[in-house]
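The values are calculated or read from the model by the stated rules, or taken from the named source; none is laboratory data. All values reported here derive from a predicted model rather than from experimental measurement. FYI the Cβ positions are ideal-geometry reconstructions off the backbone, even for glycines, and counts take in every protein chain you see. Heavy atoms of the whole protein, side chains included, go into the accessibility calculation; ligands, DNA and RNA do not. Shrake-Rupley method; radii C 1.70, N 1.55, O 1.52, S 1.80 Å.
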Amino acid sequence: MIRLEGVKKSYRLGREQWVDALVDINIEIHKGEFVSIIGPSGSGKSTFLALVGLLDRPSEGKIWFVGQDVTDLSDQARTAIRSEKCGFIFQFPSLIPTLTAVENVILPKTISGRFHPHDHQRGVELLEAVGLVDKVDRLPYQLSGGEQRRVAMARALMNDPEVILADEPTGALDDENAKVMMDVFVRMNGLGKTILMVTHDRELTSYATRTIQIQSGHVV
Amino acid sequence: MTAFVLFSSYFFVHSMERSIEASSSRMGADLLVVPKGHGGQAGDMLISGTATPFYMPMDRLDKIGSIPEVEQLTPQIYLETVSTVCCRTEGDFPIVAFDPDTDFTLKHWMAKDKQLGEFEILIGSEAGGKNFLYHYDNEYVEEWVTLFGKDFLVKGVMFPTGMGTDKTIFMTIDSANEMNGEEGSGLTFPKSEVSIILVKVKPGMEALVKREIEKMDLGVDVVQGKGLQETIKKQIFPVKLLSYVMIALVIVMSSLQVMTMFTALVSERRKEIGMLRAMGATRFSTYRLLLMEAGLAAFLGGSMGSILAGALLFDNRILIMQVLQLPLLFPKWGSGLLIGLGVTLITVVISIFAAFFPIRSTLKLEPYEAIREGE
C-alpha cells in the first residue's frame, strides 16, 4: 500500500549546513497493518510519518502511496490524496479554539468544501466512539488535555481515511485516556484501516502488528 | 487607527477644499457690475463691506442674465451703516440686502446652511463679537437685533473672511423692500434698484462677458474679480499637495504596519496553518480563508475607526474651529457616509494587500515544515 524506495530527507540548518533526518529508507507497508514506529528523540520518526502522509517531500528517493507514485505530484494532487485517504493525529491536539468539539471534528469536511448536513451526525457518532458524546458542544478550553486528544482523534477519522497516521498520540496522557485511544486504533485496524503510530512507549508496540525502529535516520 | 487617521485627514482636506471653494465664490464673483462711475469703488466695497449709496435699475439683472455665457448672477443692495448692538456687541455695522434665492457667494460662508426668512438676518463672524461664531449652532442661543425700527432674529453667522463682511449684517431684499420708506424706519433707497450685481460666468469667459455687458450700454461699470481668486488657488495648492502627500504616507505606513502585524500573526499560527493543510485544505482555500479573516478584521476595525473619527470630529467641531481658526464645513450625512465607506474599503484593501505577502511565504512551505516551524 505504501512503499518508500531510497528515501532521504535533509534539512538545512545554516547557509551551507545540512542535516540528514532520514537516510536510504526502503520499506513497504501493507494494507491493514498496524505499524508502530519507535526510536529515540530526533531519530527521524516524525519525518518518516510526514513523508508517508504526504506532508513533506523527500530530498531523494521515491514514495508510492496506494499504488501511485506521489513523489513529484503537484501540491493540489497531494492535498486531494491527503484529504481523501489520510487521517492525522499529531503530538498536540491543535483544536480551533472558537469551534465546538463537533465542529472541530467535522473541520476536514468543512475546509475541503465537501461538507454535507449528515456529516454533523457522523461527527457526533465519532465523538461517541471516543467517549465524548456528552461533550459535543463544548469548546476546547472546556475539555481536559486527554479529551482534546480524543477530539483530535475523532477529527482524524472524519474522512473515513484508509491510512491513519498518529504522532505520539498518547504522549503525556494518563493511562485511562491512553487506553481509550489505543482501543479505538485497534477497532479501526479491525475495520481494515492501515495505522502508522509513532511512539516512545515500548508498551504500546504490543497493540501493533509490526514495529519499525528508526535510529539516526536509518531503519534498523 | 488607519481608518481613524485616513477619515480625519480626508475630512480636513475636504473641509479645506470646500472652504477654498467658498473663498473663490465669494471673492470672485467673476464680474462685479456697478453703476457707471463707481467701478473704482467696487473692489473696496466687496473688501471693506462699506455701505455705499449708489444704485442702478433692477432691469440690468435680466439684461445681463440674457448673455448665454453667464452662469449665475445675484444682486445686492448696500443700505446704510448702522450704529446698533448686535448680540450684546456695540458697533457700526454696514447693512446689506441680498437675494437668498439667487445668492451664490454668501451661502458658501454660512456656518450652517439655513434658510433666511422675513426679518431674519445673517451676520458676519465678528458682528456678534469674536466668539459668537462658536455658539452658532447652540439651539438655546437666540439673538435679536433692532434695525430700522424692526426686530430681526439672528438666523445665521458667517465664517471669518478677513474682509469687511466680517462686520456686515445681511438681510433679505424682501425685508429691505418692505421697510423701504416706511414711516419710522428711516430707511430709504430707490425702489426697484440695486447697488451691485455679482456675476459668475462660464470658465474663461470673463473678458467676453465683460465686453458684451459694455456693448449693451447699460450705464454700468464692469470690474473683473478673477485675479484674487487665482492668487488664492495658487497659494493654497502647496497646502493641498502636502495634505495628499500626508494621506499617501499614512497609507504606506499603515500598509507596512499591517504587514508587520500579519507577519507576526501568521508566524504565530504556522502550526495551525500546517494543520489545516494536513487536513485537506488546499493552498488556495487557505489563502482565501486567511485573506478573508484579514479583510473582515479590517472591515470591522475600519468601520469602527471611521465612526469614531466622524463622531469625535463632529462632537468637537467648535473646539477644532477655535483651535485651528479654520472654517470646517462638515460634509453632508450622505457624503460623510461615503467617505466612511471609502476609508473602510481602503483599509480593507490595505490589509488584504499587506497580509498577502506573509501568508504567501507560509503557504510556500510544505505542511510538515509549517508545523515544525510553528513549534
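Data table
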| quantity | calculated |
| --- | --- |
| Set of aspartates and glutamates with alpha-carbon distance to A:Lys45 below 16 Å, sequence-local pairs under 8 removed | A:Asp20, A:Asp24, A:Glu28, A:Asp56, A:Asp167, A:Glu168, A:Asp201, B:Glu369 |
| Cβ-placed point charges (K, R +1; D, E -1), dipole of chain A about Cα centre in debye, nearest 20 | 320 debye |
| Solvent-accessible area buried by B and A, counting both chains, probe 1.4 angstrom, square angstrom | 1900 Å² |
| Among the listed pairs B:Lys200/B:Lys240; B:Lys210/B:Lys240; B:Lys107/B:Lys155; A:Lys9/B:Lys364; B:Lys63/B:Lys215; B:Lys155/B:Lys240, those beyond 22 Å (Cα-Cα) | B:Lys200/B:Lys240; B:Lys210/B:Lys240; B:Lys155/B:Lys240 |
| The range A:108-220 - percent of accessible surface contributed by carbon and sulfur, probe 1.4 Å | 49 percent |
| Solvent-accessible area of A:Met188 with every protein chain in place, 1.4 Å probe, in Å² to the nearest 10 | 30 Å² |
| Positive minus negative residues near B:Ala281 (Lys, Arg vs Asp, Glu; Cβ under 10 Å) | +4 |
| Simple Cβ-charge dipole of the protein assembly as shown, Lys/Arg +1 and Asp/Glu -1, about Cα centre, in debye nearest 20 | 2320 debye |
| Heavy-atom accessible area, 1.4 Å probe, ligands and nucleic acids excluded: residues of the range B:330-375 down by at least 50 Å² from chain alone | B:Glu366, B:Tyr368 |
| Surface accessible to a 1.4 Å probe, B:Asp92 within the full protein complex, Å² | 100 Å² |
| Mean accessible surface per residue for the protein assembly as shown, computed with a 1.4 Å probe while every protein chain stays in place, in Å² | 47 Å² |
| Neighbour-limited loop hits for GluC sites (Glu not before Pro), the range A:1-79 (at most 14 other Cβ within 10 Å; DSSP other than H, G, I, E, B) | A:Glu16 |
| Listing of the range A:107-154 residues, each with accessible area lower by at least 40 Å² in the full protein assembly than in the chain alone (probe 1.4 Å) | A:Ile111 |
| The range A:61-76 versus the range B:198-224: alpha-carbon centroid distance in Å | 85 Å |
| Residue among A:Ile212, B:Val220, B:Asn180 farthest towards the positive dipole end of the protein assembly as shown, charges placed on Cβ | A:Ile212 |
| Solvent-accessible area lost in complex, 50 Å² minimum, residues of the range B:278-295 relative to chain alone, 1.4 Å | B:Ala278, B:Met279, B:Gly280 |
| Longest to shortest principal axis, alpha-carbon extents of the protein assembly as shown, angstrom | 119, 48, 40 |
| Sulfur and carbon atoms: percent of accessible area, the range A:27-103 [1.4 Å] | 51 percent |
